[in-house]
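Beneath this line is the structure, given in structure tokens, with notes to follow.
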Amino acid sequence: MLKIKNLSVAIKGKEILKGINLEVNPGEVHAIMGPNGTGKSTLAYVIGGREGYEVTSGEITYKGMNLLELSPEERACEGIFLGFQYPVEIPGVSITSFLRTAINEQRKYQGLDPVPPAEFLAMMEENKKLLDLQDKLANRSVNEGFSGGEKKKNEIFQMAMLQPSLAILDETDSGLDIDALRVVATGVNNLRRPDNSAIVITHYQRLLDYIIPDVVHVLYDGRIVKSGGKEMALELEEKGYEWIKNSL
Amino acid sequence: MDTSIQTYNLKERLIEQSLSRNIRFPGGDTPYVAGVRHKALEQFREIGLPHPNLERWRGTDLSKAFETDYHLSFDPAGKGVDIEALFKCTVPHFETFLVAQLNGWFVYNDGPLHTLPNGMVVGSLASAIHAHPGLIEKYYGNLTAQSDEGLTALNTAYALDGMIIYVPDNVSVEETLQMVNLIDSPENLMLHPRNLVILGKNAHLRLVQCDDSINHGTTFINAVTEVFMDEDSSLDHYKLQNKDSHSTLINTMYFEQQQGSRLTSNAMSLNGGIIRNSSCVKLDGENASADIYGLYLMDRNQHIDNRVFVDHAKPRCHSNELFKGVLDDHATGVFNGHVLVRRDAQQTMAYQKNNNILLTDKATIDTRPFLEIYADDVKCSHGATVGQLDANAMFYIRSRGISEASARILLMYAFAAEIINKISIPELKQRIDDMVKKRLRGELSICDQCVLQCSSQEKKADFKIDMSKI
């Protein structure tokens, strides 16, 4: 699915990622943990294709393609979804029309006709129910005046609607209460299929009680310094990141 | 009679022309109106035409517009014209009381002036001079006499017709009054339409002013409107401007507000060669409020100038200015906001904001929000921003699979939505929402609403963006 080889990335000349190696196979959920400022969000943005990040060395292949050559929208159309840590407000544009536009542009890329209105509405209903979202949400402007929790739920709702093959969730759990956390987990678990993958970036072990990862990585100072099974998350929670720092 | 005004020494010729015995100005036989006109002409003689050396005209250069040879039309053009044939409002379910002006003349079939069962007077200003001398002598020229604007003096000196609206005390006008200003002439025209709006105590009115033009020539429109709002009255006012690129539209409005009156004025400028919207508001009674909004979407060589002057003359008044605009290509813009808080106007609240997006490095905006405060217990703020589309938001939208071009439109629309959402008439809001979307997609031509369907279709305005649908 996704292969990252020796990836180094700089922002304005400052090196943030220093040789990342990561391989995510179909069906796997990977968790990336680590203290603040170690490059977790940078990694998510580089996979998403955000401008302003200079890849100084290494490569990313996704489904056999050179991912770094694709624009952000092409990556999305190829099935990559990025759940934002700080979702952006788009006043005046309803979630419904935003999602319909996104789905239809993706379908156009894939050579498909626009989604029939009835089918689209059915999808909306199904996912609203699944994520326990209020009916009126769909008519509200994208993220405008949303609470922190609502914004994160809306990210998961978009993900559920867009059905990506690879979802990258950048600290989607931060600032959420336990109910919202369950919603996020439901969204991710529902997407879990043998041909789909997810990368869950998180600060805390808490989310991993609900989304059981196949592999846990610790990112520290721009490098993946430790990888292991789901038990490692618990160990990290117990011993703290000092444990990693000291062992380096 | 049609008279051509050569531009060589335009000012002198305009003065000379207006003194000609051949022109019969309306109300020439009433001492009050003749006096107002005479004073205005003297004032124009003194001040003259605007030029960029004047502080309040810095940024808007009319010299090119003054180079055209204009015709002045002195023959009433409004009688027996079928409004429905000229203009069909395409806003669905938008039930309005529709009135129109053609080349500055009030359009009518069955009499130029109407008094409705509720006592409201609507019709031709020229006719009202004799029919309602009480209103005219009490209000006409009252606010413009206090102005030192040369073009306003010229308008008063040259005013031939326009519209009068009078809403008596305690009357709420249910229907929205829609005033359509049409220009239809093969000639280059210079017009000085004049409107007078009077709201009695606790009177309420919604007024939509649409400026459209179907003209093969060049037009210079110098429109002046005086608005008097008595105690606890309210006016919900909209200006929708969609004009051809070789027209100059100077729209100057003077408002005087008494205690507890509430004004909302929203100017939406979608196309036009040179547009200048000037609003002068005098808050002359306690607890009056004025919300002045504007949205402008300009491209090519279009120029927009929004000027607001709010005079907080009495305590506890509230004013709020919000103007937002997107400028593409070589388009230029000016925003001038001036709030004056007089010494006794304690507990004034006054806010000014102007936000701009420049899409190219050739587009420019000159923005000057300005506060002048002499009272010490006030809440005032002012601010302006000039920027490009937010890179963060662009990435967010594109990361959902939406193309860069569509993402730009979505963000421009989102930027404009704040002003569109201020529109309190749902049908109008929907219509303007559609027009803004079309404008941003490059699909709105100035002929969009017109039923004349003349052959000179304006080149479609284009923000260099193409997309299927938002």
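Here is the size of region A:2-247 from its Cα atoms: Rg then Dmax, 17.9, 57 Å.
A dipole drawn for the protein assembly as shown from +1 and -1 charges on Cβ atoms has a positive end, and of A:LEU166, B:LEU98, B:CYS380 the residue lying farthest that way is A:LEU166.
Listed by chain and number, the lysines placed with their C-alpha closer than 18 angstrom to that of B:LYS362 are B:LYS464; residues fewer than eight positions away on the same chain are left out.
Basic side chains Lys and Arg get +1 at the Cβ, acidic Asp and Glu get -1 at the Cβ, and with that the dipole of region A:2-247 about its Cα centre reaches some 240 debye. Across all Cα atoms of chain B, the radius of gyration (one decimal) and Dmax (whole number) stand at 21.6, 71 Å. Sparsely packed loop sites in region B:167-208 (the trypsin sites (Lys or Arg not before Pro) outside DSSP H, G, I, E and B with at most 10 other Cβ atoms within 10 Å) do not occur. Can you tell me which of A:GLN158, A:GLN110, A:GLN85 moves the most in a GNM of chain A? Springs connect C-alpha atoms under 10 Å apart. Judging by the Gaussian network model, the answer is A:GLN110.
Paramagnetic label reach from B:GLU42 (point 7 Å along Cα→Cβ; backbone nitrogen cut-off under 15 Å): within region B:181-212, no residues. Couplings 3J(HN,Hα) for region A:70-77, derived from phi with the Karplus relation 6.51 cos²θ - 1.76 cosθ + 1.60 (θ = phi - 60°), are 8, 6, x, 6, 5, 4, 4, 5 Hz, where x marks Gly and Pro.
Label positions at A:ASP221 and B:LEU54, each projected 7 Å from the Cα along the C-beta direction, are separated by 6.9 nm.
The Kirkwood hydrodynamic radius of the protein assembly as shown, based on inverse pair distances between different Cα atoms, is 28.7 Å. Tally Lys/Arg at +1 and Asp/Glu at -1 over every other residue whose Cβ is under 9 Å from the Cβ of A:ALA180; what's the total? Neighbourhood net charge equals -1. Relative to the Cα centre, the charge distribution of region B:36-185, modelled as +1 at Lys and Arg Cβ and -1 at Asp and Glu Cβ, gives a dipole magnitude of about 300 debye. Placing dummy labels 7 Å off each Cα toward the beta-carbon, the span from B:ASP377 to A:MET123 is 6.0 nm. Each Lys or Arg adds one and each Asp or Glu takes one away; over the other residues whose Cβ falls under 13 Å from the Cβ of A:ILE224, this sums to +3.
For the residue pairs A:LYS129/A:LYS153; A:LYS129/B:LYS422; B:LYS314/B:LYS429; A:LYS108/B:LYS438; A:LYS128/A:LYS230; A:LYS40/A:LYS108, the C-alpha atoms sit more than 24 angstrom apart in A:LYS129/B:LYS422; B:LYS314/B:LYS429; A:LYS128/A:LYS230; A:LYS40/A:LYS108. Annotation: the residues B:ASP29, B:ASP169, sorted from fewest to most other C-beta atoms within 10 Å of their own C-beta, follow the order B:ASP29, B:ASP169. Restriction of the GluC sites (Glu not before Pro) in region A:17-66 to DSSP coil positions whose beta-carbon has at most 12 other beta-carbons within 10 angstrom yields A:GLU51. Normalised Debye scattering of region A:1-144 at q = 0.11, 0.14, 0.17 Å⁻¹ gives log10 I(q)/I(0) of -0.54, -0.85, -1.11, counting only Cα atoms as equal scatterers and leaving out solvent.
Taking other C-beta atoms within 10 Å as the exposure proxy, B:SER172, B:SER279, B:SER261 rank B:SER172, B:SER279, B:SER261 from fewest upward. Distances between placed amide hydrogens fall under 5 Å for B:GLU321 paired with B:ILE292, B:TYR351, B:GLN352, B:LYS353, all partners being 5 or more residues away or on another chain.
Around the Cα centre of the protein assembly as shown, unit charges on the Cβ atoms of Lys, Arg, Asp and Glu (plus for the first two, minus for the last two) sum to a dipole of about 980 debye. For the segment A:100-108, counting C-beta atoms of other chains within 10 Å of every residue's C-beta and taking the mean gives 5. Just going by the charge dipole of the protein assembly as shown, with Lys and Arg at +1 and Asp and Glu at -1 on Cβ, which of B:ILE129, B:SER185, A:GLY175 is farthest out on the positive end? Value: A:GLY175.
Dipole of chain A computed with +1 at Lys/Arg Cβ and -1 at Asp/Glu Cβ about the Cα centre; of A:ALA10, A:TYR241, A:LEU22, farthest Cα towards the positive end is A:ALA10.
The numbers here are math on the coordinates, done by the rules we state, and not lab data. Remember, it's a predicted structure, so these values are computed and weren't measured experimentally. Positions of Cβ are backbone-derived with ideal geometry, glycine not excepted, and every protein chain shown enters the neighbour counts.
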